[in-house]
Amino acid sequence: MQLQLKTSFGGLSLASPVIVGACPMSLNEQARLSMQNAGAGAIVLPSLFEEQVIQWSRKTGRVIPAREANILARAQRTQHNWACPDAETYLACVNRASSLQEIPIIASLNGFTAGGWTDFAGELQEAGAAAIELNVHPLRSSEYESSANIETTILDAVRDINAAISIPLFVKLGRNFTSIPHLARQLLSGAQGMVLYGRTPTVDICLDNIKAATRWKLTSASSEPESLDILMQVHGYCPAMPLAASGGISHADHLIKALLAGADVAMVTSAIYREGPDIIRSMIDGLNRFMETHRIQTLAELQTQRPIEFNSHEDRACYISALAARLKPGDRIVP
């Protein structure tokens, strides 16, 4: 049976539903070639941060408002080990990657308050980026009057960036929002896709010196993706929004579950660090076997097999059952 794994995500035509997520490894030309040969549909370059865009804006002569000046001052007091040292280098990386690769290269911007986003987004498009991923990382709560103010700021940034470019804009959100499905519907007017979720380092407290610290680890190969529920929720509430699964996609079963939950594509990062680019081919082979077993010929046909999400009564029943169960060591609850 001839299977068709070509798909699209927010206007991008992709050879497969596996996208390499933003990571420094994608700056390496040989690594990108290996990812492409293994079957990746697209590659996301590592993030350029808003501090770097503010620096670039100041060099181009734009007047920096007080809020951006504060962001830049904080960055200058803290030594950063950026994947790309500055915006100019990043543009050169985008240009070289897009000219060498046969698959789409997606640029990544981290933050959303920099006023220079619109000008720089245009520069990324000129450099050859097939799309832009805006990785939204809000500042501390003290910077905003309310949660609604945070969402309004994000929506304004997305609207302005989208108006400045003609390539797709994808918004990568973290978990810290009151209702991601409702936010997704609002983002329809500016974003061509959403990525769920963007990971953040785990906050810890070091007991030796009683100071706050952060921990950053690869996701475990044995853990299940934590985004399935929110993918089902967003897809059910806002089916017009293209979705990318992100976080914990480690093998073929995870990829298949993400696609069945509502994702159009899945972004893979930790698994590539652990096992190399060939894990992409392994995931695609597993997806092929699943489709052959279930006599599914295209990804569009696979989407018609998506289960309906829990209704409120079922969801409540599963929640109560999980919390009320008496577990023995090693036990697992399977609804």
Can you tell me which residue in the range 263-275 is surrounded by the fewest Cβ atoms within 10 Å (Cβ to Cβ), limited to those that are in contact (Cβ under 8 Å) with a residue 60 or more places away in the chain and in a helix (DSSP H, G or I)? Tyr273
Among Leu218, Leu243, Leu207, which is touching a His at 6+ places or on another chain (Cβ under 9 Å) and hydrophobic (A, V, I, L, M, F, W, C)? Leu243
For the range 284-307, give me each residue that is of a type in the set (A, V, I, L, M) and in contact with a strand residue (DSSP E or B) (Cβ under 6 Å, 6 or more places away or on another chain). Leu299
In the range 95-108, is there at least one residue being free of Cβ contacts under 8 Å to residues at least 60 places away in the same chain and touching a strand residue (DSSP E or B) at 6+ places or on another chain (Cβ under 6 Å)? yes
Return a yes/no flag: does the range 312-334 have any residue that is surrounded by 11 or more Cβ atoms within 10 Å (Cβ to Cβ), at pLDDT below 95, within 24 Å of Thr219 (Cβ to Cβ) and under 26 Å from the mean Cα position of the chain (by Cα). no
Tell me, which strands (runs of 3 or more DSSP E) lie completely within the range 189-253 with 2 or more residues that are surrounded by 11 or more Cβ atoms within 10 Å (Cβ to Cβ)? 193-196, 243-246
Condition set in contact with a helix residue (DSSP H, G or I) (Cβ under 7 Å, 6 or more places away or on another chain) and assigned to a loop (DSSP other than H, G, I, E, B), scope the range 276-296, selection farthest from Leu5 (Cα to Cα): answer is Pro277
Residue in the range 13-24 that is farthest from Arg289 (Cα to Cα), counting only those that are surrounded by 19 or more Cβ atoms within 10 Å (Cβ to Cβ) and over 15 Å from the mean Cα position of the chain (by Cα): Leu14
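The values are calculated or read from the model by the stated rules, or taken from the named source; none is laboratory data. Everything numeric in this text was worked out from a predicted model, so none of it was measured. Every residue, glycine as well, gets a Cβ built from its backbone with ideal geometry; the counts of neighbours run over all protein chains shown.
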